[in-house]
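The structure appears below as structure tokens.
Laboratory data are not the source of any read-out in this text; all were calculated from the coordinates shown. Values in this document were obtained by computation on a predicted structure and should not be read as measured data. Neighbour counts run over all protein chains shown; Cβ positions are idealised from the backbone, glycine included.
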Amino acid sequence: MSGKVSDEVEKKSSNVQIDLNEIYKFESEDIEIDIINEEYSNLAYIQVGNRDLRIDFLKMPGVKKEGKQKVEGTRIHMSHAAAQKMARKLIDILQKSYSERGFEEYEGK
């Protein structure tokens, strides 16, 4: 094979390595949150699977359409680790809010 042909074959057969750490690297000051959707929910239904969980945020009681009660909702999928972090943070935030601001506590028993 001539040098040119073997170089082309080598280029075609070489692997491309993509460093995802480099692609997703950023500085904290570069973060800008852009909320694209906002919903109100007064009920959450949680389903747990082997690999993740789903939280359906529902708007109750809904509206009757075509003889059925239609309830709008937004479903969020997250890993178990992300859900645990969120649960801990929610408890911390709510406890702090209740103690500092005197919000009414609701604990179903």
(message) In segment 3-101, if the dipole is taken from +1 on Lys/Arg beta carbons and -1 on Asp/Glu beta carbons about the Cα centre, which of Ile55, Gln84, Ile23 is farthest to the positive end?
(response) Ile55
(request) Rounded to whole Hz and in sequence order, give me ³J(HN,Hα) for segment 43-48 from the Karplus expression 6.51 cos²θ - 1.76 cosθ + 1.60, θ = phi - 60°, writing x for Gly and Pro. (result) 7, 10, 10, 10, 10, 10
(request) Calculate the spin-label point distance for Leu43 paired with Asp19, positioning each point 7 Å from the Cα along the beta-carbon direction, and give it in nanometres. (result) 5.1 nm
(message) Explain nothing, just the number: dipole magnitude of segment 3-101 about its Cα centre with +1 on each Lys and Arg Cβ and -1 on each Asp and Glu Cβ, in debye rounded to the nearest 20.
(response) 860 debye
